[in-house]
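Shown next, in structure tokens, is the structure this report addresses.
The values are calculated or read from the model by the stated rules, or taken from the named source; none is laboratory data. If you're wondering where the values come from, they're calculated on a predicted model, not measured in any experiment. Cβ placement follows ideal geometry from the backbone for every residue including glycine, while neighbour counts extend to all protein chains displayed. Keep in mind that these areas ignore ligands, DNA and RNA; they rest on the heavy atoms of the full protein, side chains included. Shrake-Rupley method; radii C 1.70, N 1.55, O 1.52, S 1.80 Å.
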Amino acid sequence: MDNIRLLPYCCPQSYNISLVVDISSLTYTGEESIVLIFSEPSSIIKLHVSLPVKITKLSNKSTGEELLYTSHPYDIIEIALNQVIQGDFTLNISFQGKIASDTKGFYASFQESETMLITHFEPTYARKAIPCFDEPGLKSKFSLQITTDSEYTVISNMPGQSISSESNTKTTTFQESPLMSCYLLHWTICKHSSISTLLENTEIRLYARNPSFSEDFLILAKDTLAYYNTLFSIPYPLPKIDLISVFNMSVRAMENWGCITFHCTCIEKLPGETFQKFFRDCRTLCHEISHMWFGNLVTMAWWNDLWLNEGFARFMEFKCLDKIRTQYRTWLKFITEVTYTALNIDFPVSRSHPVEILCLDPEQISKYFDSISYLKGASVLRMLEELMGEENFDNAIRVYLDKYKWKNVTSQDFFSTMSEFTKVDVIEIMTTWTQQAGFPLVTVAKIQDGLFKVTQKAYDNEATGLWMIPIKYVTDKGQIGFYLLDSEEGVIEADAIWIKINYQSRCFYRVLYEDNTDLLKDIKNLSVEDRYGFIQDTFAHYTNGLLDFPTLHKIIMALVPEYEYTIVNTIVSFIQGNLGDQLIGEYIRKMLEDFLMPLWDKYGYDGESSDLDFESLKKKYCKILLNDCKSEKVAKDILERVRDDPKEVDIYYKCLIVLDYLDEAKTLAETSYIFCNSVLISSNSYELIKRAFRLCLKYDKEDTEFEYDKYVFGALYSRHEVYPNDNFFRVMVDEYIETDNQTYREEIYKLIIIYSSNIYYKVPEIESFIEGHLEKLNKAPVEGCIPEILLECLEKFNSGFKIESNNEEALKYFADIKQKA
Ligand SMILES: [Zn+2]
């Protein structure tokens, strides 16, 4: 594969780049002078260049002699030197380019009347902006000068050292960058304003259209930078760090050294954001800042070790937030959003790949910026921290960064540095996790009290493999133990009636207990993290046929009363998503009610918790209790609160109770947007849906207050958990048939098309309803053909419906229970 790489003995030392950017025509010209060192004699140079960049002239700087080149595959050109060179050589290049409209290389991004020009070079797009040596291992220093319209601000990796103006243009010259890979070079040309703060000598600036809303984000950046400065013992190496809002980019953010770009929805804060959204944005910020060390200062030698950048940054975002924002329960979120998400993605093995990839082709690399590199990479690192202990891990990281700063590394370099700080063989253990796809299933069988046999095999039956598995466990007496399972089976000796392995769900495998009777008796005493991992494994085993329905039911019920929202949320979603077909609907509703009612009994309407996700989860389960479980008690509780103090009750709950239960509630004269939206998303009351639907679509033309038609579309999309008797559908069809208003009818026509493309379940009642209405529908057509659309719906109902074999088993199980009772 020689032809895809540049010459290893011809390395750039420094670039001097001048660009003249014409914003009105979206074009630019450039002059480049690149100092090269040949460590071996050569008469050729290879470098990268790709459209829309065109080279107009190449020359030897010292002699002025013009040079010729030939083009090769993989965006490589080969320059003939007419003589053999060793040592220094300076290459001059003149070029021109078009500013792109996609999000690669040097591109333009527009919002309303505003234009901004930015670069995005990772992994291989620098060559689309300038001729360059576009490999991560070829680090160089960059000096940049940009001339453009004087109304714009120009930002790059380093601070501007001088600005000169001439009529309508200005030229910004930036300080020389430190040694860095080409993909980290960046410039932005924009009209944003900025806010800033200082951390010792480092200036932190945030550029956005309205940066004053993002002050908390700037403070978070400062705290993050301070945390990393201390943790890594290497102060942030550049004089400044900018956080730039970009209208359009294909990723959430990019770690250009000293000038991180963020998608505007991530950095431009709006009032009323949910905590989940805010937390995600905080993570992104901590992620990108950690790259200033992991990725920028110490860089993978080639893209096959991408996980050293991305897995690390994903791990660090949690490690950092856990320390600087202790109230966020960050590690619990790591388990839910990283570890167990990655376990789901890393199965089956045929659709996965090892963390360390065998990718030589740079054109393939962007597809490896995936969940395995990020999420499994991060999970494996957390397992390593668990194996070494936090203090050893942190010390090793400091040495690793110091040893390899300004350089490039491989996974091997990383593991061998880590090895120096622990007695265990890090390389031998960790490569079983990074060099093969998939993960093990550890089965625990109790031999007798105090003796537990553990065995491992690949979770995926189609795969084979052996892992070196760090097993930390907790016993019924609360003692913690450790065992390294380095072969197919082993025996753990522990003074215990039961052991729960994968303590706090910190490692990357699943666990199956041959008999969990004793463990289930005490399950409520386990930590949230342990309960969460246990229930996630249970669901995976059930889905993959390793565990039967009675056991699943027993485990879920053993957790009642469960007050931890993360777990409640997971269980409720699983029940709804996997078991919710009509065959066993009655039992499922009962399960949900048994599971959720204790929460309502404990918290009710007024309950509060320090959990930041509490409010949104409370709303969610309240809705399930009302809509799915038809809980009269919950409806009455809320209605009582409305009677006591109507103003104090959140509109959301008001909307919930008007949805179907108590006649009194239906008379609430609510007409607000949130009412309509809630009804359209959540209610199945024919009367209410009709009212909301008409309000939103301005059925009554005299009422000009409502302009919510677009929300009907939104509500339709959110309504994918279609009711068995969906009255929304009935309302649409009836309104369509009955109205004389052609505009109104056309609106409904569009909505029915959307609805028809958005149905996942068979709804037999609707099927017969459509059949019964075909004749009437045919008499009231728009220009399209509604009956055809509806017949399409019918087909979808039919093809989308199948009874899962698991559910037949479940049905039999429930029937047995009922008989016994
Ligand atoms: Zn990243």
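Please give the charge dipole size of segment 1-189, origin at the Cα centre, charges +1 on K and R Cβ atoms and -1 on D and E Cβ atoms. Round to the nearest 20 debye.
220
At 7 Å along Cα-to-Cβ for each site, give me the label-to-label distance between GLU273 and LEU68 in nm.
5.7
Between segment 260-309 and segment 1-78, how far is it from one alpha carbon centroid to the other, in angstrom?
The two parts, judged by their Cα centres, are 31 Å apart.
Please list, by residue number, everything in segment 124-160 whose backbone N is under 15 Å from a paramagnetic label point 7 Å out along Cα→Cβ of ASN168.
Inside the label zone: 148-152.
What residues qualify as long-range amide H neighbours of VAL409, i.e. H under 5 Å apart, gap of 5 or more or another chain, H built at 1.01 Å from N?
Long-range HN contacts for VAL409: THR299, MET300, ALA301.
With every protein chain left in place, what is the accessible area of LEU68 in Å² (1.4 Å probe, nearest 10)?
Accessible area of LEU68: about 130 Å².
Quick one: Karplus J couplings for segment 134-148, per residue in order, coefficients 6.51, -1.76, 1.60, θ = phi - 60°, nearest Hz, x for Gly and Pro?
Values per residue, Gly and Pro as x: 8, 10, x, x, 9, 7, 8, 9, 10, 10, 10, 9, 10, 10, 7 Hz.
Calculate how many DSSP beta bridges within segment 192-292 are antiparallel, expressed in % of all such bridges and rounded to the nearest 5.
45
To the nearest 10 square angstrom, what accessible area does TYR503 show with a 1.4 Å probe?
Result for TYR503: roughly 50 Å² accessible.
Between MET158 and residues 5 or more places away or on another chain, which pairs have amide H atoms under 5 Å apart, with H built 1.01 Å from N, and which residues are they?
none
How much accessible area does SER616 have with a 1.4 Å probe, in Å² rounded to the nearest 10?
We get 50 Å² for SER616.
Once amide H atoms are built 1.01 Å from N in the peptide plane, which residues 5 or more positions from CYS359, or in another chain, come under 5 Å H to H?
When sequence neighbours closer than 5 places are left aside, the close amide H contacts are ASN304.
From the phi of every residue in segment 468-478, what ³J(HN,Hα) in whole Hz does the Karplus formula 6.51 cos²θ - 1.76 cosθ + 1.60 yield, where θ is phi - 60° and glycine or proline is x?
Once θ is set to phi - 60°, the couplings for segment 468-478 become 9, 10, x, 10, 9, 9, 10, 9, 4, 8, x Hz.
Separation of segment 141-155 and segment 191-216 by C-alpha centroid, Å?
For segment 141-155 versus segment 191-216, the Cα centre distance is 19 Å.
Starting from the 7 Å offset along Cα-to-Cβ, what nm value, one decimal, do you get for the label separation of GLU615 and THR410?
About 5.3 nm separates the two model spin labels.
Any of LYS333/LYS618; LYS54/LYS128; LYS141/LYS240; LYS477/LYS521; LYS46/LYS139; LYS139/LYS323 with alpha carbons more than 21 Å apart? Name them for me.
Violating the 21 Å limit, Cα to Cα: LYS139/LYS323.
Around LEU592, with a cut-off of 12 angstrom between Cβ atoms, what is the net charge of the other residues, counting Lys and Arg +1 and Asp and Glu -1?
+1
Could you tell me what percent of the DSSP beta bridges with both partners in segment 440-519 are antiparallel, to the nearest 5?
85
Measuring from a point 7 Å past the Cα of THR56 along Cα-to-C-beta, which residues in segment 84-120 have an amide N at less than 13 Å?
Residues passing the 13 Å test: 93-98.
Rounded to whole Hz and in sequence order, give me ³J(HN,Hα) for segment 628-639 from the Karplus expression 6.51 cos²θ - 1.76 cosθ + 1.60, θ = phi - 60°, writing x for Gly and Pro.
With the stated coefficients, segment 628-639 comes to 8, 8, 6, 6, 5, 4, 5, 4, 5, 4, 6, 4 Hz.
What is the sum of charges, Lys and Arg at +1 and Asp and Glu at -1, for the other residues whose Cβ falls under 10 Å from the Cβ of SER411?
With Lys, Arg at +1 and Asp, Glu at -1, the net is -3.
How do ARG283, ARG314 stack up against each other in accessible area, from largest to smallest, with a 1.4 angstrom probe?
ARG314, ARG283
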